[in-house]
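The values are calculated or read from the model by the stated rules, or taken from the named source; none is laboratory data. Quick caveat, the model's predicted, so the values are computed rather than measured. Every residue, glycine as well, gets a Cβ built from its backbone with ideal geometry; the counts of neighbours run over all protein chains shown. Note: areas computed on protein heavy atoms with side chains; ligands, DNA, RNA excluded. Shrake-Rupley method; radii C 1.70, N 1.55, O 1.52, S 1.80 Å.
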Amino acid sequence: MTQKRWLPAALLLLLITVLAAGCGKDEAKADVSVFFMNKEGTSTENAVKLQESLIALVGPAPSISISTSPIFSAEKMIVELGYGGHGIFILPEEQFKNFAKSGSFLPLDEHFKPEDYSEGIVEAEIQPPDGQKVDKTAPPKMEKHLYGIPLQHSKWFKDNGFNGNGLVAFMAENSRNPELSLEVLKKIAVK
């Protein structure tokens, strides 16, 4: 095989390895891991600032870690969403809405007033309970629920000098420690 043929495959393998290696280091040790990616990317200094302020806001328990990306990368976002090692995700609204439609996020209606976060209400496909057969010929069942907390009014973001416009915090169905993550999300959502 010539160098020209194997080089793209080698670069793809390297990218996947690097992305996977970034998953689960400090996040695995914390009770609640938050993954934050915006369109402009986030510096390590800003991530540390947000993490320290969230720890101060929440208190000593549960333990919290925030991981970010210095650049926006759709590939990294997909890896982080699929990995399942995070309790809370903060992503741009466009990506949140695209992924929410598939029904892979936890509904938040019982924990927040949906009318207070109307931008986080999305019509999504409802998955049948485990073990129940799916009629693949029928259209998917769709329901509207509050799946995300828009952060444009987040006191936590504002207190740290960040603009939350266009960012949404949410929990995926595979979120680790959902009860603890929900308590942290409530602190993040305070206006």
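Candidates in segment 167-191 are the residues that are of a type in the set (Lys, Arg) and part of a loop (DSSP other than H, G, I, E, B); of these, the one that is farthest from the chain's Cα centre (by Cα) is 191. Please tell me if residue 94 is open to solvent by 70 Å² or more (accessible area, probe 1.4 Å), at pLDDT 90 or above and not in a strand (DSSP E or B). Spelling it out, residue 94 is indeed open to solvent by 70 Å² or more (accessible area, probe 1.4 Å), at pLDDT 90 or above and not in a strand (DSSP E or B). Taking the stated definitions as given, is residue 9 of a type outside the set (Phe, Trp, Tyr), in a helix (DSSP H, G or I), modelled with pLDDT under 90 and in contact with a helix residue (DSSP H, G or I) (Cβ under 7 Å, 6 or more places away or on another chain)? Answer is no for this residue. In segment 153-166, the residue that is surrounded by the most Cβ atoms within 10 Å (Cβ to Cβ) out of those that are in a loop (DSSP other than H, G, I, E, B) and in contact (Cβ under 8 Å) with a residue 24 or more places away in the chain is 154. For segment 49-59, indicate whether the set of residues that are open to solvent by less than 60 Å² (accessible area, probe 1.4 Å), at pLDDT below 90, at negative phi and not aromatic (Phe, Trp, Tyr) is non-empty. The answer is no, given that none of the residues of segment 49-59 is open to solvent by less than 60 Å² (accessible area, probe 1.4 Å), at pLDDT below 90, at negative phi and not aromatic (Phe, Trp, Tyr).
Does residue 100 satisfy the criteria of being touching a residue at least 40 places away in the same chain (Cβ under 8 Å), closer than 19 Å to residue 164 by Cβ and small (Gly, Ala, Ser)? Yes: the conditions hold for residue 100. Please tell me if residue 119 is buried (at least 17 other Cβ atoms within 10 Å of the Cβ) and closer than 28 Å to residue 47 by Cα. The answer is no for residue 119.
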